[in-house]
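Readers should treat all values here as calculations from the given coordinates under stated rules, not as data from a laboratory. Note that the structure is a prediction, hence the values are computed from the model and not measured. A quick note on method: Cβ atoms are made from the backbone with ideal geometry, for glycine too, and the neighbour counts reach across all protein chains shown.
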Amino acid sequence: GDRDTVYRVTVAPADQDIVLSFEDQTAAEEAGKMRRDFVANVSHELRTPLTALMGFIETLGGAARNDPNARDRFLQIMEKEAARMTRLVDDLLSLSRVEEDERVRPRAPLDVAALLGSVIKALEPQVAAANVTVALHNRSAGDLVPGDAGQLVQVFTNLVENAIKYGAAGGKVDVTIYAPADDLRLRCTAIQIAVADYGEGIESHHIARLTERFYRVDSHRSRAVGGTGLGLAIVKHIVNRHRGRLQIESEIGKGTVFSIFLPIS
Ligand code: ADP
């Protein structure tokens with residue numbers, strides 16, 4: 001690439017044959033920087049709700065002590081902030097679990113249509129609150145996909161939740177399971193699950209970065225809809241563990257389709 005590569009050169013002691021060993025340090029340095037950025041991001045994300053909580057605790061113990069109206073209002077906000085911290089910690093735990101070892105291939109035979117049906121059912125309160133319609137279209141013949149049920153439920157939940165959150169208000173979300181087909185990139189037969197929304201879409205320069213931890217197109221909007229910025233990073237790792245791939249297609253003003261392709265054989 002166009003990056004500088006940093007090498008560490010080691011010279012063996014003089015009483016041995018001279019050996020120059022070159023080790024690529026670039027990857028190690030980048031991993032170190034990413035780890036520091038990650039810790040800084042996590043600290044910042046936790047700090048914000050904590051600061052709010054501390055402020056309200058102080059006010060409740062002082063100025064608002066004898067004001068029942070203020071107390072109720074503040075308690076509601078505190079509950080929201082605590083819920084936000086809980087979501088963040090839950091997502092961090094999920095991420096660290098799925099990052100652990102991507103060589104492990106989950107292999108239980110799964111009925112993807114049944115999993116998607118349960119995911120859509122569980123999201124009913126959010127669907128109702130956003131006043132959207134979620135439709136499931138099944139064009140497969142009940143093919144079984146080797147995988148981890150809990151992890152695929154998490155993938156589908158994140159994608160459908162995002163479509164609800166970032167799709168058009170009052171609009172619809174289409175979830176489609178396609179019949180298995182040869183996948184040229186994966187070099188095997190794969191099943192495609194597509195989650196389509198008809199929202200504002202995502203500009204192309206953002207698309208390649210969406211699966212980075214804490215990357216958000218609009219951080220204000222993400223926080224307002226309860227996002228942690230970790231959902232798509234979790235999706236990417238789970239899909240990798242299943243030896244599948246994630247595809248994102250988007251058109252400004254028209255909407256976005258997130259597809260995952262999972263090998264079936
Ligand atoms: P978040 O918790 O912020 O939703 P994600 O990792 O799930 O985090 O998504 C990262 C970002 O990608 C979001 O903040 C949003 O800007 C963008 N995004 C995800 N899904 C969609 C979508 N269906 N339409 C438009 N933007 C999306």
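Some points to look at:
- Distance in nm between pseudo-label sites at ARG187 and GLN247 (7 Å out along the Cβ direction from Cα): 1.9 nm
- Rg and Dmax over the alpha-carbon atoms of the chain stand at 23.0, 82 Å.
- Each label was represented as a point 7 Å from its Cα along the Cα-to-Cβ direction; for THR133 and VAL89 these points are 4.1 nm apart.
- Packing rank of 194-206, 50-62, where each peptide gets the mean count of other beta carbons within 10 Å, highest leading: 194-206, 50-62
- Between the residues VAL98, PHE156, ALA130, the greatest Cα displacement towards the positive end of the dipole of segment 10-169, with unit charges on the Cβ of Lys, Arg, Asp and Glu, is found for ALA130.
- Just checking the listed ones, PRO68, PRO109, PRO125: in the Gaussian network model of the chain with Cα springs under 10 Å, the one fluctuating most is PRO68.
- Rounded to the nearest 20, the Cβ-based charge dipole of the chain about its Cα centre (Lys and Arg +1, Asp and Glu -1) stands at 640 debye.
- Length-normalised contact order for the chain - Cα pairs under 8 Å, 6+ apart - percent: 17 percent
- Cut-off 9 Å between beta-carbons: net charge of the residues surrounding ARG223, Lys and Arg +1, Asp and Glu -1: +3
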